[in-house]
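Structure record follows, encoded as structure tokens.
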Amino acid sequence: MRLKDKVALVTGAGSGIGRAIAIEFASEGASVLIAELNEEMGAAVADEIGERAAFTHCDTSSEEDVQAAIASAEERFGGLDIIVNNAGVSQKDWDTTIAVNLSGVYYGCKYGAEKLAATGGGSVINLSSILGLVGIGAEDPYVAAKHGVVGLTKNFAIAYGSRNVRVNCINPGWIETPMTAPIREVEALNSQLQTQTPMGRYGKPEEIAKAALFLASDDSSYMTGASLVIDGGWTAR
Ligand SMILES: NC(=O)c1ccc[n+]([C@@H]2O[C@H](COP(=O)([O-])OP(=O)(O)OC[C@H]3O[C@@H](n4cnc5c(N)ncnc54)[C@H](O)[C@@H]3O)[C@@H](O)[C@H]2O)c1
């Protein structure tokens, strides 16, 4: 049990990578607050996990919602040790994408890191992307937001390093989740992405959740400000 008696807040945990992280953390002994925009999906994941999980409605593009979710984790579970700023959208307009994928992560870092510091420390994990490290000549707002997440991760790591709060990000490659379903349905794109990936396949949400577990646990106790790339070799080309 690597997260025994810990409390985690995972945004966007009603689907895909966030869902897998919530399930992984709970299986390692954590209590998990699912902070999700889609009530049906969020509540379903909380039900699936059982008594060690709870759902709260949260739109991470709202500063007030993120603050309320952080307060709610404390109220329900008596503390907060881990925050995963995972909620994200793709193929949306500039304002929506920046609001969720960049401002949402900023609010989670700003209020989350401060809360963790005030209660003895903890771990903040941000979901960036391989598109936070390289461009693809398309999806401008997504690429800009994900590069911004890498910058925020470094800044908050520096600001909170001395207060026992570690801040890292994960940069997944192409993962099999509802977010990539529209891409995977186009045969030409589907085979192109797999061919471009040295391991020749998509990643699974559970393979990202294992990295999140590492970053959440004491196994990564000297790691902060880092980008953990999990992409089947895509950026090695
Ligand atoms: N799937 C991939 O290939 C991939 C690759 C790199 C990075 N990522 C990143 O990983 C994260 C999770 O992606 P996923 O593939 O699991 O996507 P997904 O679409 O399966 O899940 C995203 C979840 O976020 C929720 N959400 C959306 N907007 C929200 C908001 N404003 N407030 C709260 N919740 C909101 C959705 O309802 C959904 O449950 C995202 O930040 C994404 O950009 C995904």
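Going through the range 121-152 one residue at a time, which ones are within 13 Å of the ligand (Cβ to nearest atom) and surrounded by 24 or more Cβ atoms within 10 Å (Cβ to Cβ)? Scanning the range 121-152 gives ILE125, ASN126, LEU127, SER128, SER129, GLY132, ALA145, LYS146, VAL149.
If you check ALA181, ALA188, ALA159, which single one turns out to be among the hydrophobic types (A, V, I, L, M, F, W, C) and either under 16 Å from the mean Cα position of the chain (by Cα) or within 12 Å of the ligand (Cβ to nearest atom) (or both)?
Working: ALA188 fails: either under 16 Å from the mean Cα position of the chain (by Cα) or within 12 Å of the ligand (Cβ to nearest atom) (or both); ALA159 fails: either under 16 Å from the mean Cα position of the chain (by Cα) or within 12 Å of the ligand (Cβ to nearest atom) (or both).
The unique qualifying residue is ALA181.
If you scan the range 113-158, which residues turn out to be over 25 Å from LYS92 (Cβ atoms) and among the acidic types (Asp, Glu)? Within the range 113-158, just GLU114 meets the criteria.
Is at least one residue of the range 184-193 β-branched (Val, Ile, Thr), surrounded by fewer than 17 Cβ atoms within 10 Å (Cβ to Cβ) and over 29 Å from ALA26 (Cα atoms)? Yes; the residues of the range 184-193 include at least one that is β-branched (Val, Ile, Thr), surrounded by fewer than 17 Cβ atoms within 10 Å (Cβ to Cβ) and over 29 Å from ALA26 (Cα atoms). Do the conditions hold for ILE98, that is, is it buried (at least 23 other Cβ atoms within 10 Å of the Cβ) and over 23 Å from ASP218 (Cβ atoms)? Considered against the rule, which asks whether it is buried (at least 23 other Cβ atoms within 10 Å of the Cβ) and over 23 Å from ASP218 (Cβ atoms), ILE98 comes out as no.
Hey, does the range 128-139 have a residue that's over 15 Å from the mean Cα position of the chain (by Cα) and not in a loop (DSSP other than H, G, I, E, B)?
So in the range 128-139, the residues over 15 Å from the mean Cα position of the chain (by Cα) come out as 133-139.
Narrowing the set further to residues that are not in a loop (DSSP other than H, G, I, E, B) leaves none.
No, every residue in the range 128-139 fails to be over 15 Å from the mean Cα position of the chain (by Cα) and not in a loop (DSSP other than H, G, I, E, B).
Evaluated against (1) buried (at least 24 other Cβ atoms within 10 Å of the Cβ); (2) of a type in the set (A, V, I, L, M, F, W, C); (3) within 8 Å of the ligand (Cβ to nearest atom); (4) more than 13 Å from the chain's Cα centre (by Cα), ALA69 falls short on exactly one condition, (3). Taken residue by residue, the range 142-164 has at least one member that is at pLDDT 95 or above and in a loop (DSSP other than H, G, I, E, B).
The values are calculated or read from the model by the stated rules, or taken from the named source; none is laboratory data. This is a predicted model, so every value here is computed, not measured. Note that we place each Cβ from the backbone using ideal geometry, even for glycine, and neighbour counts take in every protein chain shown.
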